[in-house]
Amino acid sequence: MKVVLITGASSGIGRATALHFLKQGWMVAAAMRRPDVADLPCEERLRRYALDVTEPVSVCECVAAVERDCGGIDVLVNNAGVYLTKPLEDGTDADYAAVFGTNVQGTLRVTRAVLPGFRCRRAGMIVNVSSVAGRVSFPFQSLYHGSKWAIEGWSEGLAHELRPQGIRMKLVEPGMVRTPLYDRTRSQGEAVETEAYREDFASWRRYLLRCWEQGASPEASARAIFRAANDDSNRLRYTAGADTRQAFILRAVLSQRAWDWLVRRLTGLRGQPELVGTP
Ligand SMILES: NC(=O)c1ccc[n+]([C@@H]2O[C@H](COP(=O)([O-])OP(=O)(O)OC[C@H]3O[C@@H](n4cnc5c(N)ncnc54)[C@H](OP(=O)(O)O)[C@@H]3O)[C@@H](O)[C@H]2O)c1
C-alpha cells in the first residue's frame, strides 16, 4: 500500500487531500500541529502525527515516526502554510517569521527530512502546494507572494537536482479556495495601522473577498494534488481552478503595462493611469 505524508492536514486543502488519498486506498500519514483536536475520521489507514514545520526537532521526529510505522514514504505533500494580507509597512518581524518560516523554511525542512529515505529507495514524489500567488502578484500580500514565488523557484531548481536520484517534484497551484483561511481573513477586518494605506487596502480587501466568495472547494485542489502525485512524467506545474488558468493566460499574453493596468483596475487602487501606447 502506498504511503502519503501530508503536512497541515488538520483543515482546508490538507484535510481534503488526506480524505481523498484515503478514499483512493492509500495509507495516509496526516501531520498537524494539534492531532488531538483535528476533525478527521478514525480509520486504520489514516494515522495522525504531531508536526510543527517551524520546529526542526518536530520535523525529524514526525518523518522518523512515519517511516517506522508505515515502512517508508512514497509521496510528501507540503501543504502547511499561512496567509497574510496587510501593508508591508504594518508587518512585524513576527509576521515575516511566520510567513517565511512556515511557507518557505518549513517546506524546505520537511523535504530535506524525507530525502535520505527517498534516495535509498531511488523513488519518491514531492508535491508542493503553491498558489496562483506564486506566479502573479497583487498588492497588500507581498509577503505571501514572496513566500510562494520562493517555493516556485526553489521547486524548479530542486526538480533538476533530484531527478537523477529517481525523485520527482510537483507544484500544485490553486486559485481562490474556500477554506478556514478565507474565514480568518474576513474576520480580520479592514483596519490598517498606517493611515496612508487605508483607502487602497479597503478596496483591495473588497476585491479579495469578492473573489474568495466565488472560490473553489478544497476537494478540487485535493484532486489536483492526487493527479500530480500519480503522474510519473517530468511535468512540474499543475493548476487547480479556472481562476488560476485565466490569470496565467492573461499574464502570459498581456504586456507588463497592460497587466499593471489590469491589476490596479481590478483592485481599485488609486492613481490608475490611462492605458495608452505600447510598453
Ligand atoms: N485557501 C486558498 O485560497 C489557497 C489558495 C492557494 C494556495 N493555498 C495554500 O494551500 C495551503 C493550505 O491552505 P488552506 O487554504 O487549506 O488553509 P488552512 O485551512 O488554514 O490550512 C493551513 C494548514 O497549515 C497548517 N499549519 C500552519 N502553520 C503550521 C506549522 N507551523 N506547522 C504545521 N502546520 C501548520 C494549519 O494547521 P493549524 O490547524 O495547526 O493552524 C492548517 O492545517 C497553504 O499552503 C496555502 O498557502 C491556499
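The values are calculated or read from the model by the stated rules, or taken from the named source; none is laboratory data. Here the structure is a predicted model, which means the values were calculated and not measured. Because the Cβ atoms are built from the backbone with ideal geometry, glycine has one as well, and the counts that use them run over all protein chains shown.
Keeping to the stretch 196-230, report how many residues are more than 18 Å from Lys23 (Cα to Cα), of a type outside the set (Gly, Ala, Ser) and out of contact with any Ser or Thr (no Cβ under 6 Å at 6 or more places or on another chain).
Taking the stretch 196-230 as the starting set, the residues that turn out to be more than 18 Å from Lys23 (Cα to Cα) are 196-216.
This time we only want the ones that are of a type outside the set (Gly, Ala, Ser), so: 197-201, 204-214.
So of that shortlist, the ones also out of contact with any Ser or Thr (no Cβ under 6 Å at 6 or more places or on another chain) come out as 197-201, 205-206, 208-214.
Count: 14.
Here is a check on your reading of the model: is Leu266 over 23 Å from Leu19 (Cα atoms) and in contact (Cβ under 8 Å) with a residue 24 or more places away in the chain?
Values: over 23 Å from Leu19 (Cα atoms): yes; in contact (Cβ under 8 Å) with a residue 24 or more places away in the chain: yes.
So Leu266 passes the test.
Condition check ((1) near the ligand (Cβ under 9 Å from one of its atoms); (2) assigned to a strand (DSSP E or B)) across all residues:
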position: Ile13; (1), (2): yes, no
position: Ala18; (1), (2): no, no
position: Phe21; (1), (2): no, no
position: Val28; (1), (2): no, yes
position: Pro35; (1), (2): no, no
position: Ala38; (1), (2): yes, no
position: Pro41; (1), (2): no, no
position: Arg47; (1), (2): no, yes
If a residue has to be away from the ligand (no atom under 12 Å from the Cβ) and either of a type in the set (A, V, I, L, M, F, W, C) or within 16 Å of the chain's Cα centre (by Cα) (or both) to count, how many in the stretch 81-130 make the cut? 12
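Can you go through Ala80, Ala94 and tell me which one is surrounded by fewer than 17 Cβ atoms within 10 Å (Cβ to Cβ) and modelled with pLDDT of 95 or more? Please lay out each step first, then the result.
Working: Ala80 fails: surrounded by fewer than 17 Cβ atoms within 10 Å (Cβ to Cβ).
Ala94 is the lone residue from the list that is surrounded by fewer than 17 Cβ atoms within 10 Å (Cβ to Cβ) and modelled with pLDDT of 95 or more.
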Output for Cβ contacts, cut-off 6 Å, separation at least six or different chains, first residue without any contact (Cβ under 8 Å) to a residue 24 or more places away in the chain in the stretch 18-47, second aliphatic (A, V, I, L, M) and away from the ligand (no atom under 11 Å from the Cβ), reads Arg47/Ala29
Filtered residues of the stretch 90-107 (kept if in contact with a helix residue (DSSP H, G or I) (Cβ under 7 Å, 6 or more places away or on another chain) and of a type outside the set (Ser, Thr, Tyr)): Gly91, Asp95, Val99, Phe100, Asn103, Val104
Taking Ala150 as meeting all but one of (1) crowded, with 19+ Cβ neighbours inside 10 Å; (2) under 15 Å from the mean Cα position of the chain (by Cα), write down the number of the exception. (1)
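Of the residues Val114, Val132, Val136, only one is farther than 23 Å from Thr239 by Cα and either in contact with a strand residue (DSSP E or B) (Cβ under 6 Å, 6 or more places away or on another chain) or among the aliphatic types (A, V, I, L, M) (or both); which?
Values: Val132 fails: farther than 23 Å from Thr239 by Cα; Val136 fails: farther than 23 Å from Thr239 by Cα.
Result of the check over Val114, Val132, Val136: Val114.
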